[in-house]
1. Using the structure shown, decide if ASN371 is under 26 Å from ALA449 (Cα atoms), outside any strand (DSSP E or B) and not hydroxyl-bearing (Ser, Thr, Tyr).
2. For region 316-357, give me each residue that is among the hydrophobic types (A, V, I, L, M, F, W, C) and over 18 Å from THR375 (Cα atoms).
3. Looking at ALA90, ALA108 in this structure, which one is out of contact with any Leu (no Cβ under 7 Å at 6 or more places or on another chain), modelled with pLDDT under 95, hydrophobic (A, V, I, L, M, F, W, C) and within 30 Å of TRP244 (Cβ to Cβ)?
4. Report yes if THR264 is more than 21 Å from the chain's Cα centre (by Cα), polar (S, T, N, Q) and not in a helix (DSSP H, G or I), otherwise no.
5. If TRP94 satisfies all but one of (1) surrounded by fewer than 20 Cβ atoms within 10 Å (Cβ to Cβ); (2) of a type outside the set (Ser, Thr, Tyr); (3) touching a Pro at 6+ places or on another chain (Cβ under 6 Å), what's the number of the condition it fails?
6. Within region 393-432, which residues are modelled with pLDDT of 90 or more, among the polar types (S, T, N, Q) and surrounded by 15 or more Cβ atoms within 10 Å (Cβ to Cβ)?
7. Residues to consider are ASN294, ASN325; find the one that is of a type outside the set (D, E, K, R) and either surrounded by 19 or more Cβ atoms within 10 Å (Cβ to Cβ) or touching a residue at least 60 places away in the same chain (Cβ under 8 Å) (or both).
8. If you go through region 27-59, how many residues are surrounded by fewer than 17 Cβ atoms within 10 Å (Cβ to Cβ), among the hydrophobic types (A, V, I, L, M, F, W, C) and outside any helix (DSSP H, G or I)?
Amino acid sequence: MNDTYLGNPNVKRDGVTTQFNVFEVEEYKKCMKDPSYFASKFCKIIHLDKGLVNFELYDYQSRMFDHFTNERFSIVLACRQSGKSISSVAYILWFAVFHPEKVVAILANKGATSMEMLGRVILMLENLPFYLQPGCKSLNKKSIEFSNNSRIVAAATSGSSIRGMSVNLLYLDEFAFVDDAATFYTSTYPVISSGTNTKVIITSTANGVGNMFHKLWEGAVQGTNDYTPFRVDWWDVPGRDDNWKQQTIANTSLLQFDQEFGNTFFGTGDTLIDGSTLMELRAKDPIKVLEGGNLLVYKEPEKKHNYICTVDVAKGVGGDYSTFNIIDVSVSPFEQVCVYKNNRISPLLFPNIIYKYCFNYNEAYVVVENNDQGTIVCNGLYHELEYENLHLESALKANGLGVMMNKKVKRLGCSTIKDIVENGKLTIHDQDTIIEMSTFVAKGQSYEASDGNHDDLMMNLVMFGYFTLGDRFMDMTDISMKEMMFKQRMNEIENDILDWGYHDDGLADTPEPEPDDPWNIGRGKPWVEEYY
């Protein structure tokens, strides 16, 4: 008992000297070199059915340990109940036990969650033999300090949770579910940036697009940041096969399965555009980047092509973005060819940008949302720059330039752009536009950007959808969008209807009854034919 920490018989206190035998020295060396060996041989976990058991690693968990060891920046996308958190906990304990003078920070979306994970670390520590334990200086619900001067601390993902600390290993759990993750990440990243061997481990299941986890994962996959991706799918977990999948879907739904186990970022189900359609969208690199990176050109203007430019106007003070989308309507499907996005452009200067590029695209037909600051842009284009190819909702009203975005216009625009995109009638090239489409979700009776995201580019598309319903669009393209969508829907309905066939009731094989048979009535083919 003199060797234990505050009476806990399973934890060695600080200052205790351990005499190693040959076997223990060899085991210590194996554990120091191989975290997989350490975890599988000495770590214990709580099993739902069996209680306290040895941590038996799956193949992908052993590979995950190697990934953590070899990579400085690791990001893990894993399905639910795949053991990503418990694997990370075992690795954290190994890192602190066998690496002196290190600081490990466990951060989760809630403080209680991070402390629960630290509790798992303590459970594993308590089940280690004393010759592997470094000894404890302090141990509580929020931190552990070992005799080798390594520490493990647990906190919530707030901007000030570990500010001022120097951290050697930063672990972020379920990062896709952290509120305002971008602000937190910006304030937290400096705690590991000063070192050259410091590590970051991020794990999470998918939770929609546009959040910080999604951006870091996509950057890792595409090689645009320093993170190395590691993915765990549902079929990687032993015992999960097609029968398990079908049973899980039957007990929940396909949508829930995709969201919890499918590792799909488009599984939230409340986006305007169907998730399967969003998954098929692919961004491409622009051929030109102009206006200080604010304007992206995906296709040069072509002679005799008609272009439509839809415009959304912001105040230009760093909040929402002033945007426009130029769409080629002379091709099938329609094609996004140019995108502008800037949250610092003044509404007084924005008309000059619109004029410059729309004139270049064969004097594209411009449709401006004239709410609030949009009126300034409409007046600047039409009266000051004398750009005549501007949409007039009414030639008689003072605010007749552009389109007033009200509930009716937004509802019609949302409905139409949904049909256009889901039926493959519009090609989208821009990455930011695809992200906004993926975060444009139901809010009450309407749609808007999910928390922490923007919908300015998406509102360009909503305006385009509304405009395609009008006579002016039909004059430009000889396409009646209403008629085209109606025919397509009717074709889909007809294709779903079963073909007419014949039903053999077996009466043709029934022998003809005798005329004087008293059981004639109601029996046999003659009665049936006469009745019908």
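1. yes
2. Listed by number, the residues that qualify are ILE326, ILE327, VAL329, VAL331, PHE334, VAL337, CYS338, VAL339.
3. ALA108
4. Against the criterion (more than 21 Å from the chain's Cα centre (by Cα), polar (S, T, N, Q) and not in a helix (DSSP H, G or I)), THR264 does not qualify.
5. All conditions are met except number (1).
6. Passing the criteria: SER415, THR416, ASN423, THR427.
7. ASN325
8. 4
The values are calculated or read from the model by the stated rules, or taken from the named source; none is laboratory data. Model, not experiment: these values are computed from the prediction. Neighbour counts are summed over all protein chains in view; Cβ atoms, including those assigned to glycine, are modelled from backbone coordinates with ideal geometry.
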